[in-house]
Structures are given as C-alpha cells and as structure tokens.
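The values are calculated or read from the model by the stated rules, or taken from the named source; none is laboratory data. Fair warning: this is a prediction, and the values are worked out from it, not measured in the lab. Glycine also receives a Cβ, built like all others from the backbone with ideal geometry; neighbour counts cover every protein chain displayed.
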Amino acid sequence: MINIFKKQHQFIMLFMALAFMLSSCKKWDQHNETTDIYLNQGLLKEINGNPALSLFSKYLAQTGYDTVLLASKSFTVWAPDNIALAAVDPQILNDAVKLKALIGNHISNLSFYTTEPKPSLRVKMLNNKNVIFTSAKFDDAKIIIGNQSFGNGVLHIVDKAIIPQLNIWEYLNTSGTGEIQKEELLSLNYSLRDVTKSEIIGYDQVTGNPIYKPGVGVFNWNRYLKVNDISNEDSLYTYIILTDQAFNDQKTKLAPYFLTDIATISDSLTKYNVIKDLAIKGVYDKNSLPSQIYSTKDSVIYQLDKNAIISTYKASNGVVFVMNRIDYDMVSKIKPVIIQGESGYTLQASKTVQTRTRRNSLDPTSPLYNSYFKDLLIENHGTSGFWVKYNATLKAVKYKVYFRAVRDFTLTPATGKTDLDYFRTRIAFNTSAATELLYSEKVGVIANSNGTFSPNYDEVYAGEYTVAKYGTMGVYLVANTVTTNGLNSLLLDYIKLVPVP
Amino acid sequence: MQIFTREFRYILLPVLLITSVFNLANAQETDTTLSKPVSAKDSIAAFSQRSADKIKDKVTGYILESYSGKPISGVRVSVKGFSAGITNDKGFYSLSVPNYNVVLVIKAQGYQTKELALKGKKSLNASLYEEGFTSIYDQAHLPLADAPKYQVPYAVESINTNDNWSRVNESPEGYLQGKVAGLKSVRHSGTPGLGANINIRGFNSLNASNQPLYVVDGVVYDNTEFGRSLTGAHYYNPLQNIDLKDIDNITVIKDAGTAIYGTRGSNGVVLINTIRAKEQVTKIDFGVYGGYNFKPLNTPVLNAGEYKTYLSDLLRTSSLTAAEISDKSYFNNDIVGNNDYYRYHYDTNWQDEVMKNSYNKNYYLKITGGDNIATYGLSLGYLKNEGITNGTDLTRYQTRFNADLNLTNKFKAVANLSFTSNNQVLKDQGITNKTNPLYLAQVKAPFLSKFDVDNAGLVSPNLSDVDLFNTSNPMSVIQNGKNLDDNYRFSGSFGLIYLLNKSTTIQSTVGITFDKVREKIFIPNKGVVEDTLRNAIAYNRSGSYVSRLFSVYNDTRINYKKTFNRIHELNTNLGLRYNMNKSETDLGLGYNSATDEFVSVSGGQAALRSVSGTIGDWNWLNMYANADYNLYKKYFLSLNIAVDGSSRFGKETTNALTLNGNKYAVMPSVGAAWLISSEKFMADAKAIQNLKLRVSYGLTGNYDIGNYAAKQYYVSQNFLGVQGSVRGNIANPQLKWETVAKTDLGLDVSLFNERLNLTFDYFNNDAKDLITYEPVAAASGFDYVITNNGGMRTRGLDFTINARAINKVVKWDIGLNFSKYKNEITKVPGNLLLNNFAGATYITKLGDQANLFYGYKSNGIYNLQTQATAAGLVYLNNQGVAVPFQAGDVIFADLNGDKIIDEKDRQVIGNPNPDFVGAISNSLSWKKWSFDALLSFSVGNDVYNYQRNVLESMSGYQNQTPNVINRWRVDGQVTEIPRAAWGDPAGNARFSDRWIESGSYLRLRSATINYNFTFKDKAIKYAKVYLMGNNIVTLTKYLGYDPEFSASNGLFTQGVDSGLEPQFRTVQLGVRIGL
C-alpha cells in the first residue's frame, strides 16, 4: 500500500510544483482582468474600426488629431457619423484650417458621460471652443450612441457635425455691423514690450539704451478687453452691438455729461462711455429678457427692449444682440460719487488727523455692532475755518450733496449746560471759500426728546451743486469759523454726490 | 473545578517537599544520569559475576538493519543496571534478564537507540533504523532531565536539528516553522534576522505576551522586546543571536509540563541545547555558503499612461474644474511651451528601483572534541545577508564556546559562553507612509523620474525631491536615509554539578546576559515629505537609541533519582530559580539640522531636540519541586509544582499564597501516561510498536503584566519649558499574573516497526485573570486602568504523522503535522473590546473568538442610479450631513436597518486565525544523495490587505493596481469595482470585506539537495555539498507580496498586511567540510 502511495505521491508532487509556479503568477492577472474588453482598447482604435465613423476617422488622420488621441490621458469624442459629416459644407472640409477647427470641435480632454450634465455642461474642445453638452445632446446634435468607455476615454456618436462658432470679439471684427463701435474699440488697442521676451540687437550709441529686434517681444492688447474680455472663449457674455445710428444717438445723449474745455477730449470720453458698458455677464434669450439687466463691472441697469434687437448671433462664448436702441437708468450710468472722509487730498495746514475705525452701532445686541466704518476726526487745530480738501472726478451734471458724520463721543453736555457743543461744518466746491452750500449746524448728533443725545448714523442732506464741466474738482470740508477747541472739530465719514440728470 | 485546583496545589506542594526530603534520606545506589557510560566490558563482567550468583532467565534474538535486513554486529543490548550483551556477526545476542517484564535497551553506533519491552516473551528481534531517524525513542531534553520520548507523560516534541547545516539563513524561530504540531511560527517579515511570531497552541493572552519561554542550555533566554525601534515596524529579535548550526536539539513543551516554570510557562517552553561534544575525538566542520536572494514579484500597478488616464478621471471628482485639470502640466503632451514636459513624462517602475536581487554568504566553523577531563564545542561564524530592499543588509559575527569539565569523579562543571554581534542596515516598513520605500514604490506616480530633471530634459545625478503630489522619493530614503541597528548579546553561564551520592546530585547554574542595541536613524530633507511636530515642521529627522539588558539567572536544585527493585523508578527535584533583570532604553531625537549632511542628533536644532528613556527592572523567583515516577516503565506519573514570586505582582493580590507580605503564584501540574503497548496482552499485536495514552493537567502562568503596572509611578512632563513629574498611571496593587489551566489528552502510536508514527493531542487551555485595559472615567485624567479582568478558553488538537514510505536503498521519510485551535472569550470588560491597527478594527467579544476583523460587509456596487435611489441608504459626511449613496458606490450591508451606513453596521468580516496550520516534510536519501523538502501551510486565515486597500481606494494621488481600470464610470456599467472619487466621500474604501482576503497558503518552505563525498584516510573526512532553496514556491490566492507576515508579536496586529518586506526566495550553494 505504501508503495502505491509513494508512486502517486511523487507524481502529485511534481505536478503540484508546476501548478504552484503557474498559479502564483496568475493570481493578479485574474484579479486585474479587464471585465470590459474595450477598457483595454484605445479610443482611436475603436473609431478607426467602426465603419459608421470612417469619415471621422479619415478626417482625424488628416488633421493630425489621430496622434493626439493616442496620448495617455482621457478624452471624450463626440464623433459625428458618416451621414452627419457628409452633410457638412465641402468648403469647410476642403479647407485644412477649417477642417482642423471642425474636428477639434468634437474632441475634449477628460471623460464626460451623459450622466454628468445637470442639466448642461460647457465643455472645452481641443479647438479651444466651448460646446454645450446635455444628457441627450451635444450642442444641436443628438447623441445616437453614448457613453462607450475605452482605455483612454469616452466615445459618443452624434448625428450632426457642430461647426465651430466665432466668439464675440471675432464676430464683432468680421460681421460688418456696428462699425463705429468697432472703430472705437480698436482705438483702444495698445502694444507693450515685454523686456524678458525681447531680443537685444544692439545699444544706442548716444543714450546707451538697448535696441530691440523689431517684431519680437511686443504684445498687442486692448484696454477694453482687459476689463470685459469678450475674446475669451471661457467667458460667457451677452454683448450689445449698436448700430451706427444707435451709437450716435447714445453719443448725443451722453455728450453733456462729459463736456470739457477741449472738444476732442469730450468726444473721446463720450464715445468710450457709450461702449463701456455693453457687455452683460451670462447669456440671455432675446425672448425672455428680464426687465432689469446689469452690465458687467459698472452695473449699469438696462431695460432692453427685444424689439430694438435687429439681429442675434450665437457666439461660442455667448450671444450678440445687434440693437438700434438701448434704454438704461442714467443714474446707474453716470454713477453717484462717494468721497471717504479719511481719504483727503490735502489740509489747510499741518495738523494732527485721526482716522478712526468705529462701530456702526454702540448697542452690543445690534447686528450692526460688528460692522465698522472709518472716519476722519480733526480736533483742537485752533484754526478758524480750517479745511480739508478732497479730489473727485465729477461729471457735468447737477449733484445732490449728502454727508455722513457720526459723533459717538462727548454726547453729554458740559457741566452746567443743557446742550452740546456742536461742530459746525460745511462743504465747498472748487475753493474752500465757496459758499453755495451752507453750514450744517448739529453735525453727527440727534437730540432726543428726553434731553439726551445720540450719534446720528444717517446721511444728512447738505444741498445741491451743479458741475459745469467734466473733470477733477476740489471738494472741501470746512470747519467752524472759530478758534475755540471743541467748537471747530471736523468729523466726516463720507460725502455722497448723487447726480440728478 | 477551580476550587479543586486551588486546593490541589496547596496539597501538592507539601507532598512534594516531603517526598523530596524523604528520598534524599534514603539515597542508595542506582544509575544516575551522571554516572559514566558503562562500557561493554564492565557490563559483561558484571553480568558474568551476577550470573554466577544466580542463573537468570535468558532472552535471545537478532538485531537487524531495518532497510536491508542484514544483521548488525556489535549492538549493545542491555537491561538497565542488570545485564548487557553484544550481538555477534549474525546479529544474535543472548542476555539474562531479571524477569520477562523488563525493558531492553538496544544501542549501536550509527543506528537509533531503542527501548523495547519484553512483555513476557523470551526472544526479541529488533530492526534498527539509522541514526537521526525520528523516533519515539529519541531523547527529549526536558527542563530537569533527559528521557526517551516514549516515557514522557507530557505533550513534548523533540527536534533533532540534523538539517541545521542546510537552513543557513534561518533564525531559530523561523526554523521551527512546520517542525512541531501545535507550534505556529509566522515570520515577521522578510527582513533578515527578524524572526517570527511563535504561538504554541494558539494564544492565551490578550495584552500580555503570547510568546513561549526560551531556555538555552538551561538558562532562561530573554526574548522579549523592550523599548521600541526607531525604524518603522522593526523589532529587535534576540533569538537571531543563536546560530541555527550551533543548536544540537530543540525540545518544545506544549502542555502543563511547563508548569515547572511557573508564571513563565503559560505559552509553552522551547528548550534549546547548543553544541556539545558527543565524543572525545576532535571533529572540525567548516562550512562555506553563498546564495542569491530573488526579489519578489512586483505588485502590478498602473503604468504612466494608465495612471494619467485614471488620474484625469479621478481629478474630475475633486474641486478642480475641467480646465484646471487639462492645464496640469503632466497632462500636457506638448513639448513646446510646457516647461515640465520632460519632468513628467517618464515611466518609472519604482518597485524595480526599490527592490533588487541580492546575495548572501555565510562562513561557519565548528570544532568539538576533548578528552576524559574536558570536552568542548566551539563555533565561529560570519554571515552577511542582503535584503531585497535596495541597500539593506545584515552582517553577523558569532562565536560560542561550550565546555564540560570533569573536575573530580563527583564534581562536574559546565560552561557556556556565546557572543554575537549584528550590524544591520534597515529601512522603514509598515505604516510609515512617508518613509517606507516599499510602500512608496507602489504608490508613487510612475511618470516621475527618480532624478532631478531640468526644463530641457537633462537629467541630474541628484535624486528628485518630494513630488508635486507630496510623495517622498523612495530612492532618497534608500540612498540618503540611514537606519542602522548595531546590537550584540553576550550570554554566559557556568554550572557546577556535585554528585552527593549515587542517587543525589546538587547542581547550580549561574547565567549572565548582557544585551545592547544601538540604533541610529536619519531621514533626509530632500526627497522626503516633512513631518509635523507639535511646535515645528520637521524637515530632516535624526535619532539615536540605545537599549540595554542585563540579567542574572540562577537555577539551583537537588536531584534524587533511584530505581527500587527494578520496578519503581523515581526522579525528584527540588530547586530554586532566580532571575534579576535590569533594562534601560535611551532615546534622542533631533530635527532640522542645517543640511542633510549633518546626520546626528547633535546636528539638529537645539530647541527641537528631545531626549527620553525608560528603565525597567524586574525580578523573578521560582521555587519548584518535581517528582517523576514510573512503574515497570509502563505507568508514568509526573508531579510538578512551582511557587513563583515576582517584583511585578501587586502586594494586595487576592487568592494568592502570601509569604512575608509578598504574593506568590502556586502552579501545580500532574501528568500521567500509560504505555499500553508494554502490557502483556499487547505482546501479540506485532504491528503495534508503541501505544501510549497521556493525560496532563496543570496551572501555568504569565507574568508579562508590566514591570510597574501594579505600582504607582510618576513620569516626567515638560510644560512650557518647565520640567515636572505627573502621575503616570492608576496603580492596581491587586494586579496579578495571568493563569492558564492546561489540560491535554494525548495518544502516541507507533506501528509497523516505527514505519508509521502517529501522535494525537487534544487540549483545552483555560485562561483567566487576563490583563485588560479597562476604560476609566475621564475625570481621573487617565484612559484606562490595568486589571485582571479577562478570560478565554482555547481548545484544539495537534496531529502528527511520520512515515517511512520507502525503506530500501532509497529511504523516504514523509511527515505531516497539523494543528488547529479555536478560542472563546469567557470574560472581557464590558463584554466587548475593540482594537485598531492600520485601519483595521478587531473585535473581541464575550462568547466569541478573540481578535476577529470587525468591519462592513459589502455586496457589489450600485450599477444604476435608480438602484441606489431605491436602496435609499445614506452615509454621514464629515459635517454629519446624511448623503445618499449614488451609482458607483459600494453597497454596504445595513445591519440595523436604519438606512444609515455607520459604525453600528459593522460585523465580523474575517478571522486572522487559521483553521489549521501545519507542514509536510520529506526526506529522501539514496546512497550519497539526499533530498529534503519541507512544505508548510496555513489554511483558513483571513488577511486584511492594507496595501491593496491603498492601491485600490481610488481616492488620491496614489498609484493603483490595474484593477481600477474596471471602475464604474457610467450608469448601467456592469462591474464590481466602485467609482473613483476624490477623498472617497462615500467611504467605498472603508475597512470592509473588500480588503479581506484568504491568507491560506501552501509553501515549499525549504528544499535541499545534498551530496556527501567521503574520503578514506585523508585529512578531509568528508565533504558535503548542499544546494538549498528557501521559500521556493508559494501557492496562495493572496494578492499581496506574501501571505506570511506578522507586524508584531501582539495579538491585535495579526493578519494585517501593513507593508512589510515580504518573504523572498533564496537559493544557496554550500560546502561543508569535515576534518
């Protein structure tokens, strides 16, 4: 019995030894085995192998995107099938640049599945354009077969090729509408030399300054785009192009506010102010415009009339309305001016100035207790009619003048008195001696009915002042005409000038 | 039962004492172990004289060689203390015997020794196996005496370390793997010399040590880890200081036979005897070994391309926008305009950089010999074993000198001296994710280079710094980091044995151990992620650590041994053991030295430097008495009792013996055996060579309860630069040892003239008073108090079968052993205990097994959003807000049905304890060839694969296994792998059965082919050539590097693959020359 056992055992031993060798190598293979065979296959191989995508595959090869798709990172391809590509204008297909833009408009980095848009996603394509992707559609194209996962990304097959759109800036430059607007925008171009990227070809013998190689290291840019970058594909604007007529209308409307002594400057200022606020954040549908729309940056309040829109262009980074008329709130256009008390330009004479940080309420239970403001306090200067000068750029318009001063100290009368010592103060324009506005008497204080006094946190109306010319003007805060300390203190949070157009 | 036990030990103690004293008074002539070997001539003379006095009964027979059937001449056949005979050319012997119930002892050079009972027969033939054959007649080297194994009433296994010259790089614990049924040896890691976690018959303690007691040449060998290595997951293993080739034999006591060691015996005892001269002829053995270590197979991880694809998908789920992701320079494949192109377009196989094949070598010289006055054994060794982690190695110098001196006829002396020095270069392992090169090699982004690369793609010879994902460069750790461990141990013992009269001996052994470990570490700034200290950022780190142990051991005993009327044999001992230990560890840490060139602690910033240390002194006193009795060599009875005191015990311990105000543990044990095969009625059962029934019961203890846990102590504390002392613990003056009551029922069977040997043991270990950390009220200022409030019961069985399958010119021995255990918690504070390690949670619950994995059960993933919505399960995010699971998330079982997946839904998901472990051994010899193979296996243990948890969690920058390619991506996708999600908000990678794998394995642990050249009349007597392999093949489904690892000896780290160096395959060629 033992002998039989022995023979079998030897055989079994040998067999087991071999089995060990094999199995120990295989354990991971089994664990890591790809359950979906496509996950080991690249996108390009699938596209090239799919007969319904033969045209797309051909164009991939033509445009060089085939090698891009071989890179080791994730892509999403919305591949138009052959029928869709056959419907594309041959002019595009035959133009290498346009074709590349077209094919690049269907490929993006990273994996995007139809489950992700909630409800929509703007996906950046390899041609740098963004395309809206929803759970069923890729821009206007319907997704026929979606969410096929491969080793390096996702494939969706769509029924329409999406022609890349121009962005707003490109459209403005090529559309041929709004010529004056375009001209004004282009006038804001400027160029700049980046010394680090420039190449020195010699030095000026006289000045010793370097001479740069022409055309290298010089960058062109536009002042308008610095603020509202309607050329950026990733931004999303609703942009208004004014017809020439509308532009001129606007210019006429705004001209009085920008009146200066020099006509050309007035003209330039007016034109800039016409185009300044024509970009609106986000995309609005012409048919469902809200009653109030705010421009970017300066928040001009528009009331756009859809009937004034004479054409619409769907740009890659938003929408363009070509309009023959625009309506907006003029106050929001020319804007109130606020002069902070602590940001004075100069003083009549060198004195100790206090810039204080104060609470908006002295009551700890008030929510305002934890909000603060800064103000200016000049005390004990001993000068009659002492003044502080501020500078402000004002438009040629009538302003209502308000100011806020909060006196939250010395709120009990001196011994033996029933009333406080007040800081008489007035505001003067142009010169400190100007007297269009009168002295305000009880600055910063409210006299309560029970004989006590409280700080006045409200703005106080000081009068009206009409500015004749657009430009920078001195605004003065003038103290009481006494030298007595305690009676000629200057206290100011801010001065507010509200235009009355 | 408990009451009985207590009574029993108090009764037993005086009985034993009285017996011992009584016996001493009645000492008279008999054989003792110390008597000089009776030469054949003397014996025959004695026989002639005696036979002249009285004609005795005669026995005749033939002694044959078992495999050839040829007669053996010159075999000595004797009746102990009565008569002896020698076989002639035909193998015939004739012998007079006092009666026909005696036992014949058969001894021959080059053959095994046998002891056969006559059982009333007048003739007895025997066939002998060659020397070294594993036999029931082998000597078991027990704590107090040597005895043939068949006479021992305890569960004892004795190992002839004949193969120790072919297991060169093994530490003794690693060698023990698969050698003994019931001894589970799990090697800590593949780091050379690190040793193994050894459990004999499962475990008997929750928080105290579960390691057996080691006794080397009669002196307790301290193998505990005190102090803590500065290198991650490294442990000092004192046992590595014993060269396996120095070991003559090992005996393992598994049951209550360990009670003689009192409170140190609960986890079994391993007795190791080192080189002694077996004969007086000078024998010189010289061995030279050289070998090759194979680096383990890499864990498959994503290549650079796959990784980038995965990463781009993962980052989509982070807070980054699509544009931000696409703009990352590692996704940008344009060479022009991308300054980082070259830096991020590599495809580095980090594992190939970190792991390498390496070499090992070993020189070893052993000389034994002497004369009739003194014999000695001397060994010298040098070993260098490189690890598979690049840059790691172990160098060892070792020497040992053992001498036996016959000072006078009655006075003997024994001296044992050994000195071993190790120098080891290590690297961090385990959960040190900033500095563990093996971990870093798996998770580091493959598109990075190990060197600095400039914008133009030129490669610098400097290693690259921490990468953009804040992952260290493993090569920096390897090349610029330092983890040096230099340690040595001196062990010396000197024993005197005085033969008072022929029955009584007095002996005393004094042993001294001096052990020192010195570690230095440095973690550079460049290439390694900085660490955060309490008040600073640590850019580079240095450390210096010294740990010292000094211990004195004494064992003094009086032995009385006598045979009465050749019927009763009595062997009694009364003794005292004393062990004094002093340990000290000193630790200095430095941070932020000026440059990575200043690598010592003194180079660090003064304000950040920290110095600390510990002192641990403890004493142990063990008074013991023992009586071994047998009748007709058929009925065996053994009684032991130990009375233990220790400085660790509390002064107010209840239920304990009190002497002079100190508390003592009383540990009695009894073992009985019936050698059924020696009964007359078995005379005709020729197939049965040996049949023995054993039963033992006794109390053993565990004194590993902390040096000062019973006392109130103070620790130093720094508060704003002012030093002070604060209370360090809540004292528990009632703290006592852990007690384990061990019961064993065993059967030893030997059939067909020893061609088939079986041993079967059933055991029940009942542990009580286990050390527990009981939580205390927060107002106390402490987290826990140490109490004796645990209990558990471990039951199991051991089974060994050894067979000589072929016994011809070709000899083939095959053996199988296996053991299983199952434990049950019988007492635990609060009925439940949770422990955490490496993200795993263990539950220890009343009525259940200890240290089970406790986590979430998963059941695939939600493939469809509708499925997830329908299930309606939620998880609480880190703000406590309930968030519904979505498609692609794992379906976790909602145990309590509240629709919230939280901690309450955890359940037992695995058991790190194996169903059974064991080994298959093979030994094949043919002429001068021999072949040995050992297969070890472990079945049914679960492993938490922490490594794979990281490598498949899909939540961060860590590289992943290719398995993640199958991840869920889109609604309706059929897959089992969840979605990639940055930061894993839904906890898909939480501790769940997804990471629990089967740790079962079958491993060809070692295999040796040996050819033996013999030379006649030459200077060289023989030369043996070995071709050896270690860990040759492993059959396992476990996905990690290796299924065998043990993060520490503690119970609550078992089965967690925390990222240790794996076991690796080694092939060695060696030559042993005998002079």
Given (1) touching a Leu at 6+ places or on another chain (Cβ under 8 Å); (2) part of a strand (DSSP E or B); (3) more than 14 Å from chain A (Cβ to nearest Cβ), identify the lone condition not met by B:Ala850. (2)
Checking A:Lys469, A:Lys442, A:Lys395 in turn, the sole residue that is crowded, with 20+ Cβ neighbours inside 10 Å and either more than 42 Å from the chain's Cα centre (by Cα) or modelled with pLDDT under 95 (or both) turns out to be A:Lys395
How about region B:1001-1075: which strands (runs of 3 or more DSSP E) wholly inside it have at least 3 residues that are within 14 Å of chain A (Cβ to nearest Cβ)? B:1001-1014, B:1022-1036
Considering only region B:702-811, give the strands (runs of 3 or more DSSP E) lying wholly within it that have at least 3 residues that are β-branched (Val, Ile, Thr). B:738-751, B:756-775, B:784-807
Lone qualifier among A:Thr410, A:Thr383 - being of a type in the set (Ser, Thr, Tyr) and over 29 Å from A:Asn448 (Cα atoms): A:Thr383
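Matching residues to (1) aliphatic (A, V, I, L, M); (2) surrounded by 14 or more Cβ atoms within 10 Å (Cβ to Cβ); (3) touching a Phe, Trp or Tyr at 6+ places or on another chain (Cβ under 9 Å); (4) on the phi < 0 side of the Ramachandran plot:
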residue	(1), (2), (3), (4)
B:Ala672	yes, yes, yes, yes
B:Ile676	yes, yes, no, yes
B:Leu693	yes, yes, yes, yes
B:Asn702	no, yes, yes, yes
Within region B:494-508, can you find the residues that are surrounded by 16 or more Cβ atoms within 10 Å (Cβ to Cβ) and over 34 Å from the mean Cα position of the chain (by Cα)? B:Tyr498, B:Leu499, B:Lys502, B:Ser503, B:Thr504, B:Thr505
Among (1) over 35 Å from the mean Cα position of the chain (by Cα); (2) not in a strand (DSSP E or B), which single condition is B:Val105 missing? (2)
Taking the residues in region B:951-968 that are away from every other protein chain (no Cβ under 11 Å) and surrounded by fewer than 23 Cβ atoms within 10 Å (Cβ to Cβ) as candidates, determine which candidate is farthest from B:Leu852 (Cα to Cα). B:Tyr957
Which residues, counting only those in region B:172-193, are in contact with a strand residue (DSSP E or B) (Cβ under 7 Å, 6 or more places away or on another chain) and either in a loop (DSSP other than H, G, I, E, B) or aromatic (Phe, Trp, Tyr) (or both)? B:Leu176, B:Gln177, B:Gly178, B:Lys179, B:Val180, B:Ala181, B:Gly182, B:His188, B:Pro192, B:Gly193
Could you grab me the full set of residues in region B:624-642 that are in a strand (DSSP E or B) and surrounded by fewer than 21 Cβ atoms within 10 Å (Cβ to Cβ)? B:Tyr629, B:Leu631, B:Tyr635, B:Leu637
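Residues are listed down the side, and each one gets a yes or a no for (1) modelled with pLDDT under 85; (2) of a type in the set (D, E, K, R):
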| site | (1), (2) |
| --- | --- |
| B:Gly110 | yes, no |
| B:Leu116 | yes, no |
| B:Ser123 | yes, no |
| B:Pro143 | no, no |
| B:Tyr150 | no, no |
| B:Val156 | no, no |
| B:Glu170 | no, yes |
| B:Glu173 | no, yes |
Pick from region B:792-808 the residues that are surrounded by fewer than 21 Cβ atoms within 10 Å (Cβ to Cβ) and more than 14 Å from every other protein chain (Cβ to nearest Cβ): which of them is nearest to B:Gly830 (Cα to Cα)? B:Arg793
Identity of the residue in region A:123-158, in a loop (DSSP other than H, G, I, E, B) and under 24 Å from A:Asn317 (Cβ atoms), that ends up farthest from the other protein chains (Cβ to nearest Cβ): A:Asp140
Run down B:Arg548, B:Arg557 and say which single residue is surrounded by fewer than 18 Cβ atoms within 10 Å (Cβ to Cβ) and part of a strand (DSSP E or B). B:Arg548
Qualifying residues in region A:150-186 (those that are of a type in the set (Ser, Thr, Tyr) and either surrounded by fewer than 20 Cβ atoms within 10 Å (Cβ to Cβ) or touching a Gly at 6+ places or on another chain (Cβ under 6 Å) (or both)) - the one nearest to A:Gln245 (Cα to Cα): A:Thr177
Of all residues in region A:32-53, which are in a helix (DSSP H, G or I), surrounded by 15 or more Cβ atoms within 10 Å (Cβ to Cβ) and facing another protein chain (nearest Cβ under 8 Å)? A:Asn32, A:Leu39
So, in region B:281-302, exactly how many residues are within 14 Å of chain A (Cβ to nearest Cβ) and closer than 20 Å to B:Leu383 by Cα? 1
Output for Cβ contacts, cut-off 7 Å, separation at least six or different chains, first residue closer than 11 Å to A:Leu69 by Cα in region A:37-51, second polar (S, T, N, Q) and in a helix (DSSP H, G or I), reads A:Ile47/A:Ser57
I'd like to know if region B:812-834 contains one or more residues that are of a type outside the set (D, E, K, R), surrounded by 21 or more Cβ atoms within 10 Å (Cβ to Cβ), within 14 Å of another protein chain (Cβ to nearest Cβ) and free of Cβ contacts under 8 Å to residues at least 40 places away in the same chain. no
Among B:Asp971, B:Asp984, the single one that is over 30 Å from B:Ser189 (Cα atoms), away from chain A (no Cβ under 14 Å), not aliphatic (A, V, I, L, M) and not in a strand (DSSP E or B) is B:Asp984
Would it be correct to say that B:Thr800 is closer than 30 Å to B:Glu65 by Cα, hydroxyl-bearing (Ser, Thr, Tyr) and in contact (Cβ under 8 Å) with a residue 12 or more places away in the chain? yes
State the number of residues belonging to region B:303-327 that are more than 8 Å from every other protein chain (Cβ to nearest Cβ) and surrounded by fewer than 18 Cβ atoms within 10 Å (Cβ to Cβ). 8
Given the residues B:Asp898, B:Asp889, B:Asp848, which is the only one that is over 28 Å from B:Phe1052 (Cα atoms) and touching a residue at least 24 places away in the same chain (Cβ under 8 Å)? B:Asp889
Can you say whether A:Asn82 is more than 14 Å from every other protein chain (Cβ to nearest Cβ) and in contact with a Ser or Thr (Cβ under 7 Å, 6 or more places away or on another chain), as far as the supplied structure shows? yes
Within region B:821-840, work out how many residues are touching a Leu at 6+ places or on another chain (Cβ under 6 Å) and part of a strand (DSSP E or B). 1
Just wondering, is there one or more residues in region B:925-937 that are over 36 Å from the mean Cα position of the chain (by Cα) and away from every other protein chain (no Cβ under 14 Å)? no
Hey, can you tell me all the residues within region A:54-65 that are surrounded by fewer than 21 Cβ atoms within 10 Å (Cβ to Cβ) and within 14 Å of chain B (Cβ to nearest Cβ)? A:Gly64
